[in-house]
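Data block below; observations after.
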Amino acid sequence: MTMPSTLNPLTTLHHVPLFSSCSKKDLARIVKVSDTVTFKAGRVLIEQGQPGREAFIVLKGKATVRRNGKKLASIGAGSMVGELALLDHGPRTATVTCDTDCDVLVISQRHFHGVLDDVPALSHKLLSTLASRLRDLDRATVG
């Protein structure tokens, strides 16, 4: 599926796998506690090794994800990065740098936890997504 180059926050959240099972009302709650911020090209959104306190969803623009200096991915509208920070304050696993000016939806851990308390469906989807990622990682490393 091709994503438009610019997305509104509600439409974007609906297309993010983590939030795809949420109702429009639930998505609206998440948007309400989030901030839309513009970052200039060259700005580092996430720095590997630093503690994470928020996640970012790209609404417009392009960014590059690197781990230990090696490019892992190019991301654009509809991509979410930093979601592990919504669960803990652990260190960032990659660095994400804006290649162009980027409009992003910023969700803080504190606000996200408040929404989780109010939206049980999101907790279930989050657990399912994490279990799927663990299985994929296990398959990739163990076989």
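The values are calculated or read from the model by the stated rules, or taken from the named source; none is laboratory data. From a predicted model like this one, the values you see are computed outputs, not experimental measurements. Please note: Cβ atoms are built from the backbone with ideal geometry, for glycine as well, and neighbour counts cover all protein chains shown.
For the reader, a short list of remarks on this structure follows.
- Checklist (1) buried (at least 18 other Cβ atoms within 10 Å of the Cβ); (2) under 15 Å from H113 (Cα atoms) applied to H89, failing item: (1)
- Residue in the range 25-37 that is touching a Pro at 6+ places or on another chain (Cβ under 9 Å), of a type outside the set (V, I, T) and crowded, with 17+ Cβ neighbours inside 10 Å present: yes
- Residue check for T95: surrounded by 12 or more Cβ atoms within 10 Å (Cβ to Cβ) and either farther than 25 Å from C22 by Cβ or without any contact (Cβ under 8 Å) to a residue 40 or more places away in the chain (or both): yes
- A73 farther than 30 Å from D118 by Cα and either in contact with a Cys (Cβ under 9 Å, 6 or more places away or on another chain) or assigned to a loop (DSSP other than H, G, I, E, B) (or both): no
- For the range 92-143, the set of residues classified as in a loop (DSSP other than H, G, I, E, B) and either closer than 24 Å to G61 by Cα or of a type in the set (K, R) (or both) consists of R92, T93, A94, D99, T100, D101, listed by residue number.
- Of everything listed in (1) buried (at least 18 other Cβ atoms within 10 Å of the Cβ); (2) assigned to a loop (DSSP other than H, G, I, E, B); (3) not basic (K, R), the single unmet condition for T12 is (2).
- The listed residues are L84, L13, L18, and the only one of them that is of a type outside the set (V, I, T), in contact (Cβ under 8 Å) with a residue 24 or more places away in the chain and farther than 18 Å from V119 by Cα turns out to be L84.
- Qualifying positions in the range 1-38 - modelled with pLDDT of 90 or more, touching a strand residue (DSSP E or B) at 6+ places or on another chain (Cβ under 9 Å), over 12 Å from M80 (Cβ atoms) and not aliphatic (A, V, I, L, M): D35, T36, T38
- Every condition in (1) exposed (fewer than 14 other Cβ atoms within 10 Å of the Cβ); (2) within 19 Å of S34 (Cβ to Cβ); (3) among the basic types (K, R) holds for K125 except the one numbered (1).
- A41 more than 21 Å from L130 (Cβ to Cβ) and either modelled with pLDDT under 95 or not in a helix (DSSP H, G or I) (or both): yes
- On the stretch given as the range 50-98, residues that are at positive phi and over 14 Å from the mean Cα position of the chain (by Cα) total 3.
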